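Every number in this text was worked out from the coordinates using simple rules, so none of it is lab data. Here the structure is a predicted model, which means the values were calculated and not measured. Here Cβ is always computed from backbone atoms with ideal geometry, including for glycine, and neighbour counts include all displayed protein chains.
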Amino acid sequence: MKLLVVEDETKTLQAIQQGLEESQFEVDIAYDGLIAKRLALKNNYAAIITDLIIPGLNGYELCRQLRASGLTTPILMLTALGETEDKILGFDAGADQYLTKPFQFSELLARVRSLTKRGTQVAMTAQTLRYGGVEMNLDAKTVTRDDQPVDLTAREFALLEFLMRNQGRVLSKPEIAEHVWDQNFDSGTNVVEVYINYLRKKIDRNSDQKLIHTQFGMGYVFKAE
């Protein structure tokens, strides 16, 4: 499998490249976002690994522009910026995973293998989920509540899908993080709570029947009151 690694710090880039090549990946490299964008749109990569603070286009803008171009290649962001707000910006830009520096190469490798494995799995049938006035078309990526369209980001859509598929079951924050973000849960971040609140405002705000509920000390559950 071929990967694209975007990093302007030479030693870090060389270490990542060497480790990935020793793990049987083929690796292209870029030192800035503009070159990375050209490579990403020209070549077929199994995944893209990008630092956040890079010349040309920063990691957020690179990710945003690639998604706007229709590229669906999994993207892993690497950065020393580990605050919840930074992660939310990355996910909103279209990143699939977020790994904070410093990190162990074994963790990076596990994330890359998870992303590349997921990228080989293709859904072949149209699916629609319906519950409590919410209808989710998994192929068209559309959602309605009581026949009114609901505009969701990709991450909000993934979160709602996971909640709906587990209707009536209390889901813990680590379980949600693992399935929606494909990462081990960091107890020091409130990314899950932030996205639950985003989703509540869009799904439940204009309806008398609330569907997204908090089970204090346990997690969240999608059910009719």
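The amide H of ILE49, built 1.01 Å from its N in the peptide plane, has LEU4, VAL5, VAL6, LEU76 as neighbours under 5 Å, considering only residues 5 or more places off or on other chains. Which of the residue pairs LYS2/LYS202; LYS37/LYS101; LYS141/LYS201; LYS117/LYS201; LYS2/LYS87; LYS117/LYS141 have a Cα-Cα distance greater than 30 Å in the structure shown? Pairs exceeding 30 Å: LYS2/LYS202; LYS117/LYS201.
Contact order, relative form, for the chain: 13 percent (alpha carbon pairs under 8 Å, 6 or more residues apart, mean separation divided by residue count). For region 209-225 versus region 124-172, the inter-centroid distance based on Cα atoms is 15 Å.
Extension gain, ASP146 to ASP8: 0.36 nm times the residue separation minus the Cα-Cα distance gives 44.8 nm. Each label was represented as a point 7 Å from its Cα along the Cα-to-Cβ direction; for ARG165 and ASN190 these points are 2.8 nm apart.
Sorting the segments 161-170, 89-98 by their residues' average number of neighbouring beta-carbon atoms within 10 angstrom, most packed first, yields 89-98, 161-170. Each Lys or Arg adds one and each Asp or Glu takes one away; over the other residues whose Cβ falls under 13 Å from the Cβ of LEU211, this sums to +3. Note on the chain: antiparallel DSSP beta bridges, both residues inside, total approximately 50 percent of the bridges counted.
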